1. Keeping all protein chains in the complex and leaving out DNA, RNA and ligands, what accessible area do you get for residue B:163 with a 1.4 Å probe, in Å² to the nearest 10?
2. With every protein chain kept in place and ligands, DNA and RNA left out, what is the accessible area per residue of the range B:190-354? Probe 1.4 Å, answer in Å².
3. Counting only protein heavy atoms, what percent of the accessible surface of the range B:2-170 is carbon or sulfur at a 1.4 Å probe?
4. Obtain the nm distance between the two label points defined at residue B:17 and residue B:403 by a simple spin-label model: each point lies 7 Å from its Cα along the Cα-to-C-beta direction.
5. In the Gaussian network model of chain A, springs joining C-alpha atoms below 10 Å, which of A:24, A:51, A:73 carries the largest mean-square fluctuation?
6. Note down the net charge around residue A:156, summing +1 for each Lys or Arg and -1 for each Asp or Glu among other residues with Cβ under 12 Å from its Cβ.
7. Stokes-Einstein diffusion coefficient for chain A at 37 °C in a medium of 0.692 mPa s, Rh from the Kirkwood formula over Cα pairs: what value in µm²/s?
8. Roughly how many nanometres apart are two label points built 7 Å out from the Cα toward the Cβ at residue A:132 and residue B:187?
Amino acid sequence: MMEQTERRVISVIVMNEASVLSRIAGLFSGRGYNIESLTVAPIPESKYSRITIVTAGSVRVVEQITKQLHKLIPVLKVYEHADLVETEMALVKIPMSESLGDIEALTHAYNGRIVNVGSDTMIVMVADEPMRVNHFLEAIKRFHPKEIVRSGSVALER
Amino acid sequence: MQISGAQMVIEALIAEEVEVVFGYPGGAIMNVYDEIYKQRSFQHILTRHEQAAVHAAEGYAKATGKVGVAMITSGPGFTNGVTGMADAYMDSIPLVVISGQVPMSLIGTDAFQEIDAVGISRPCTKHNYLVTDAADLPRVLKEAFYIARTGRPGPVHVDIPKDVTAQIATFDYSKEVELETYKPTTKGNARQIKKAIEAIASAKRPLLYLGGGIINANAAELVREFSKMTQIPAVETFMARGTLRYDDPLLISMLGMHGSYAANMAMSETDLVIGLGARFDDRVTGKLSEFAKNAQIIHVDIDPASVSKLVHAHFPIVGDVKNVLEQMIPLAKEQIDPARYASWHNTIANFNKLHPLSYTEEGDRLKPQWVVERIGQLLGDDANISTDVGQHQMWTAQFYPFTRPRQWVSSGGLGTMGFGFPAAMGVKRADMERVSINITGDGSILMNIQELMTAVEYELPVINVILNNNFLGMVRQWQTLFYDKRHSSTDLSIQPDFVKLVEAFGGVGYRVTTKEEFDAALKDAVEKNVVAIIDVVVNRFENVLPMVPAGGSLFNMMLEYKEK
Ligand SMILES: Cc1ncc(C[n+]2csc(CCOP(=O)(O)OP(=O)(O)O)c2C)c(N)n1
């Protein structure tokens, strides 16, 4: 019997201390859990950081992940979101030979803009729901992107 | 107080009332060893291998319930200690392991004897620290002891660079531990407990499933009280041996892969499992989908991640088993009618009659099971028993008449060959009044044989009883059963002369082939109170039975298998 796997977003609030990130990443790799994306940054004006992890697993697996995360000594809170706002950013480098107007229109549609224009290439940025970022990256393909970088999700419960 | 980092380590150990440290020096930890030389508050025992230092600390911790302490150097010293930490982690043994590290300025340069120690120990410790400033040492050491012994106990590793041990800073050990993010739940949820008691009161065939967490929590007395009061029969895991007395009429036996027929059948027939400090290990449950199929499950555990991990708990209770039992007992007194389970007792009595744990004698050849039983008859409660890993370990768990918690020390979760002898030294150091016996195999004993020197030097008269079958017996058993008798690399026909070997270290050796010789050797070793090896020649092809093949259902036990 295969249990159904679903995409899950887990937020972890941790103490800002050395090697806390490797503890978290190590927990995932050591137990064979998959990380799709992971973002981390300090929470302003606090001694904590917030880590947002996108993973996939059955209800049972995700429950184990959250319990195991909680067992780590520097972990304060673990949220496993159901109802959340999730955003991801992507930067794409495109040759200047492509049509600037078309690119601008496309990025606008995905909450983005052109952030840099050089002599050979330009860089566009979008920030949107991960699924929409997927769609954008699909659409931008016809402008022959040279490089693409995604940020990984950040999320907040509604 | 302004002192060096090395002095802080000593002061912290004193403040924690540590009476013995097992260790092995080296360059990176020398400043601390220099301070050890100067102090008279605790004993330092020099093992002959770092793995043994950690196992000895484990044995000491298991026997006393206190935090065991081991001290090792950087690089190879540290990596030798890793197996011990992993072992302690799997069996929830409270331990503080202090290691030296290369100086801060050399960290990350592949310096001589540098290794990323905290990187390596992370997955096999409850928590670990790299101390980069001596000013942090008092807090870190205090936290280390606190984390090791609270909640689900476990090993904590503290790695200290050499220059930090030389650095002068303020030592103040008076501050309370303040860990905002670490607050183990110790009391059980009252509503859940109430529901659990109601479930017990209405069950027809309840079964206590006793795990090693009971021993760790010092809750065996309460378990005895609870079972007596309710008359609920009990099975023990391998780790829980000694929770109930071996002759307690309510104790069925050990369950699991090499559990008794009655214990495994009781688990298969029960309608309510009362799991106390047990983690539903795969060696216990067998095939999960068939495990206690008709039962509801009460699961009491200090570790929330253990509850419902493998088997869904209908009544999950997170808390210290001791506290939870204290909460349960008054309710149980009111609501549970012990007379209710009479027919369940009959069923179990029948299981016991049908296939009791037993073995057959064959002429003059010594049976390993007999040896275990005989040690029990001759020493019983007067001995503490450790084992290594293999068939001898299972026979000991099956046949030794345990009478009390902490009498039994063995490597369960990791199954570490080489554990038994050093652990038995730690046990001896903790309890000098009793005989410390390590029941071992001809394979396992060679994994930490060098500790004969430590035992002789520090007068820790452990008696190693080798159940010598000229095989890596447990692996041979699997090869026989599942690999068509292809005994690949398990034949140990070529052996050292164990009698000469122990004599070379200054101990006493016996080679025995008959019952009379065994009795005489054990008696002599106990009387002489010396480090000893009793090399017992046993039947080579004996198998541990019953056996539930890995992944099989508990009720499908292999009860017999004859081989020559
Ligand atoms: C360090 C280590 N290596 C390998 C194993 C795998 N193993 C489990 S039992 C066993 C055989 C043990 O043989 P012996 O000590 O002679 O005991 P016996 O089974 O014969 O009683 C082995 C090799 C282990 N448990 N630990």
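1. About 60 Å², rounded to the nearest 10.
2. On the way: 6120 Å² over 165 residues.
For the range B:190-354, the per-residue accessible area is 37 Å².
3. Result for the range B:2-170: 53 percent of the exposed heavy-atom area is carbon or sulfur.
4. 2.7 nm
5. Highest fluctuation of the listed residues: A:73.
6. On the way: positive: A:50, A:158; negative: A:83, A:86, A:157.
Within the 12 Å Cβ shell, the charges total -1.
7. Taking Rh from Cα pairs, D becomes 189 µm²/s.
8. 4.9 nm
The values are calculated or read from the model by the stated rules, or taken from the named source; none is laboratory data. Source: prediction; values computed, not measured. Here Cβ is always computed from backbone atoms with ideal geometry, including for glycine, and neighbour counts include all displayed protein chains. Protein only, heavy atoms only, side chains kept; ligands, DNA and RNA dropped before computing areas. Shrake-Rupley method; radii C 1.70, N 1.55, O 1.52, S 1.80 Å.
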